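The values are calculated or read from the model by the stated rules, or taken from the named source; none is laboratory data. The structure presented is a predicted model; accordingly, all values stated were derived computationally and were not measured. Note that each Cβ is placed from the backbone with ideal geometry, even for glycine, and that neighbours are counted across all protein chains shown. Calculation scope for accessible area: heavy atoms of the full protein, side chains included, ligands and nucleic acids excluded. Shrake-Rupley method; radii C 1.70, N 1.55, O 1.52, S 1.80 Å.
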Amino acid sequence: MHIKKMYPLWLLLPVLAVYGALYIYPTLSGFYYSLTDWNIYKESIRFVGLQQYRDLLAAGDLVNAVRHTLVYAAIVTVFQNGLGLGLALILTTRVPGRNAFRTVFFLPCVLSTLVIGYVFSAIYRPEGILNELLRFVGLGFATTDWLGNADVALYAISVANVWQYAGFAMAIYIAGILVIPKELIEASIIDGSGYLKRVRYVIFPLLAPSFTINVILSLIGSLKVFEIVFALTSGGPGDATEVVNTYIFDRFSDGLYAYGTAANVCLFLVIAVISFYALHLLRRREVQL
Amino acid sequence: MPRTYDELLADAEKIKAAGITPFYEAGKDGWPLQVFTFSGFANLLAKQPDLMDKINAHQTTFDQIPEFVDMLQKQADLVKKGYANKNLFSGTYDLSLDELATGKSAMVINADWALPTLLAKYPDAPVGMFPQPFEADSYVGISDPQAAFAFKNSKNVEQAKDLLAYIAEPETLKTYYDAAKTMPSWLGVEAALNGGTADLQPVVEAGRAAPFFNGLTAVSVGDYTKELQALYGGDKTAAEVAKALQKNIDTAAKAAGLAGW
């Protein structure tokens with residue numbers, strides 16, 4: 001091929017070396033270490049087969065963490081995309097100051113997640129901004145300790161996550177909307193479509209590639225969630241907001257490295273299966289122009 | 001100063017009636033919740049000196065020690081009786097010191113490592129300490145002192161030994177303990193202590209002290225904090241928390257391949 005002559009393949013080597021050393025090798029060695037008895041108490045590492053996985057199943061607390069992670073991922077994926085799409089639709093019309101709004105909504109996703117975590121801690125505190133606001137508008141009965149109440153803490157964290165990344169989804173949707181050929185929109189206007197019909201039958205189907213990438217990114221990101229949970233609740237109170245990554249973190253803190261690694265392999269498999277299945281489903285509905 | 005647990009509860013009731021939080025619990029940070037049993041366990045060790053050996057040989061388990069489960073129940077009851085701060089899962093260690101120093105809360109269950117921080121911010125805070133009165137002459141738990149080590153294959157073994165010898169000199173120790181204001185773990189070293197620490201010194205010097213039990217178990221106690229949060233939240237009973245603590249130990253002990261598991 002023409003390109004082969006212009007750029008020799010060995011130029012890939014530096015990238016492959018970095019990728020191999022920092023991603024492929026740790027991932028594969030992780031699979032291996034999950035089959036050993038590696039922990040802080042032992043001087044040497046021994047191969048023990050599937051023992052760690054059997055212990056994981058027997059202990060049963062990973063199931064709880066997986067359940068929280070799935071609920072969290074579902075909420076974040078739905079609302080991050082719903083909100084992102086809504087913002088993108090509004091900010092691609094002739095609304096005044098749309099560029100300023102685009103910047104404002106995108107800004108949170110360039111901030112450190114830990115910073116977002118501390119900001120939301122202040123918002124969610126019992127005497128924090130949210131409860132004061134609720135009391136001010138006469139909804140005092142709805143106030144609670146948002147991160148201390150086991151029934152709502154997981155949802156409160158997912159709101160912080162949606163707030164942070166809805167702007168990122170918005171940016172991808174805006175890019176997708178802007179490349180939709182004007183003729184198609186104009187043709188649908190001439191055919192007499194209203195705004196909602198135009199969104200439903202013209203814009204949304206043509207946005208399918210943006211939709212696919214956004215859904216996949218938010219799914220993977222939220223299944224792997226760690227920092228925001230760690231900053232807001234560390235998985236507590238009790239294990240009310242324990243997600244798989246905080247569970248793995250705790251097992252490593254206990255010095256149970258192989259056990260934590262086995263949990264990590266489980267998370268990897270769950271993410272791979274869900275992402276590939278979602279990708280397969282979403283790809284089918286993408287339209288080629 | 002309350003001498004029995006009933007007296008403590010009666011005092012808490014009076015404090016609560018006066019509109020002050022009897023116990024400030026740092027439920028968000030979580031680790032301070034451990035001190036209640038870490039320290040109280042010293043009373044069980046005083047009565048059964050071989051208790052820890054039995055636990056470490058897996059001859060008994062935490063959930064089979066009724067006194068331990070009872071201690072957890074007492075801890076849960078502090079919350080149930082309304083003696084703890086509202087929204088205790090937002091409570092942090094830093095806030096607990098503020099609340100104590102400013103008199104918004106009457107008591108904090110913690111160790112004297114809190115005093116230097118507290119007094120740096122509130123030099124005149126009238127703060128003292130007393131042992132949790134599980135017994136008339138209650139024992140206290142101590143976080144056992146750490147040791148310094150030198151690596152024998154180091155290139156600078158002699159210098160390392162010199163440094164350790166310097167640290168162990170009476171004059172250095174005096175300087176250190178005068179600044180740190182913790183109870184010296186060296187014989188013959190006198191230090192000027194903060195009021196609260198001085199309150200407990202006679203108890204420790206009378207021998208009514210034992211290390212926190214997490215320093216005595218053969219393996220890590222795991223994430224005991226999370227279990228105590230579940231106890232406070234009403235998600236687990238005292239017996240279930242004791243079981244969960246034992247489960248953490250069982251998991252680690254099996255991983256370590258200890259005899260008895």
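To keep it simple, each residue is scored yes or no on (1) more than 13 Å from every other protein chain (Cβ to nearest Cβ); (2) open to solvent by 90 Å² or more (accessible area, probe 1.4 Å).
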{"position": "A:82", "(1), (2)": "yes, no"}
{"position": "A:93", "(1), (2)": "yes, no"}
{"position": "A:102", "(1), (2)": "yes, no"}
{"position": "A:106", "(1), (2)": "yes, no"}
{"position": "A:110", "(1), (2)": "yes, yes"}
{"position": "A:119", "(1), (2)": "yes, no"}
{"position": "A:126", "(1), (2)": "no, no"}
{"position": "A:133", "(1), (2)": "yes, yes"}
{"position": "A:157", "(1), (2)": "yes, no"}
Answer yes or no as to whether residue A:269 is open to solvent by 50 Å² or more (accessible area, probe 1.4 Å), more than 13 Å from every other protein chain (Cβ to nearest Cβ) and of a type in the set (A, V, I, L, M).
yes
Using the structure shown, decide if residue A:211 is within 14 Å of another protein chain (Cβ to nearest Cβ), open to solvent by 30 Å² or more (accessible area, probe 1.4 Å) and in contact (Cβ under 8 Å) with a residue 24 or more places away in the chain.
no
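Check B:164, B:173, B:118, B:193 and return the single one that is farther than 30 Å from residue B:69 by Cα and open to solvent by 50 Å² or more (accessible area, probe 1.4 Å). Spell out how you get there, then give the answer.
Numbers: B:173 fails: open to solvent by 50 Å² or more (accessible area, probe 1.4 Å); B:118 fails: open to solvent by 50 Å² or more (accessible area, probe 1.4 Å); B:193 fails: open to solvent by 50 Å² or more (accessible area, probe 1.4 Å).
Unique residue meeting the criteria: B:164.
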Residue in region A:230-262 that is nearest to the other protein chains (Cβ to nearest Cβ), counting only those that are among the charged types (D, E, K, R) and not in a loop (DSSP other than H, G, I, E, B)
A:250
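Can you name every residue in region B:73-115 that is open to solvent by less than 50 Å² (accessible area, probe 1.4 Å) and aromatic (Phe, Trp, Tyr)?
As a first pass, look at region B:73-115 and keep what is open to solvent by less than 50 Å² (accessible area, probe 1.4 Å): B:75-79, B:82-85, B:88-93, B:96-101, B:103, B:105-112, B:114-115.
Of everything in region B:73-115, those that are open to solvent by less than 50 Å² (accessible area, probe 1.4 Å) and aromatic (Phe, Trp, Tyr) turn out to be B:83, B:89, B:93.
It is to be established whether one or more residues within region A:147-160 are more than 19 Å from residue A:229 (Cα to Cα) and assigned to a helix (DSSP H, G or I). Walk me through it before giving the result.
First pass over region A:147-160, keeping only residues more than 19 Å from residue A:229 (Cα to Cα): none.
The answer is no; no qualifying residue exists.
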Leading residue by the ranking (farthest from the chain's Cα centre (by Cα)) among those in region A:220-232 that are surrounded by fewer than 21 Cβ atoms within 10 Å (Cβ to Cβ) and aliphatic (A, V, I, L, M):
A:231
So if I check each of B:8, B:33, which one is within 14 Å of another protein chain (Cβ to nearest Cβ), part of a helix (DSSP H, G or I) and either open to solvent by less than 10 Å² (accessible area, probe 1.4 Å) or over 19 Å from residue B:61 (Cα atoms) (or both)?
B:33
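Is it the case that residue B:144 is open to solvent by less than 80 Å² (accessible area, probe 1.4 Å), of a type outside the set (Val, Ile, Thr), over 30 Å from residue B:11 (Cα atoms) and touching a strand residue (DSSP E or B) at 6+ places or on another chain (Cβ under 7 Å)? Steps first, please.
Numbers: open to solvent by less than 80 Å² (accessible area, probe 1.4 Å): yes; of a type outside the set (Val, Ile, Thr): yes; over 30 Å from residue B:11 (Cα atoms): yes; touching a strand residue (DSSP E or B) at 6+ places or on another chain (Cβ under 7 Å): yes.
For residue B:144, the condition - open to solvent by less than 80 Å² (accessible area, probe 1.4 Å), of a type outside the set (Val, Ile, Thr), over 30 Å from residue B:11 (Cα atoms) and touching a strand residue (DSSP E or B) at 6+ places or on another chain (Cβ under 7 Å) - is met.
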List pairs: first residue in region B:109-128 and touching a residue at least 40 places away in the same chain (Cβ under 8 Å) and closer than 18 Å to residue B:26 by Cα, second residue among the hydroxyl-bearing types (Ser, Thr, Tyr) and open to solvent by 60 Å² or more (accessible area, probe 1.4 Å) anywhere in the structure, Cβ distance under 9 angstrom, at least six positions apart or on different chains.
B:111/B:143; B:113/B:143
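Given the condition under 17 Å from the mean Cα position of the chain (by Cα) and of a type in the set (D, E, K, R), answer yes or no: does some residue in region B:124-131 qualify?
Step one: of region B:124-131, the residues under 17 Å from the mean Cα position of the chain (by Cα) are B:128-131.
Then drop every residue that is not of a type in the set (D, E, K, R), which leaves none.
Within region B:124-131 (the criterion being under 17 Å from the mean Cα position of the chain (by Cα) and of a type in the set (D, E, K, R)), the answer is no, since none of the residues qualifies.
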So residue A:114 fits all but one of (1) of a type in the set (A, V, I, L, M, F, W, C); (2) surrounded by 16 or more Cβ atoms within 10 Å (Cβ to Cβ); (3) touching a residue at least 40 places away in the same chain (Cβ under 8 Å); (4) more than 14 Å from chain B (Cβ to nearest Cβ); what number is the exception?
(2)
Does region A:1-55 hold any residues that are small (Gly, Ala, Ser), away from chain B (no Cβ under 14 Å) and closer than 28 Å to residue B:255 by Cα, and which are they?
A:29, A:30, A:49
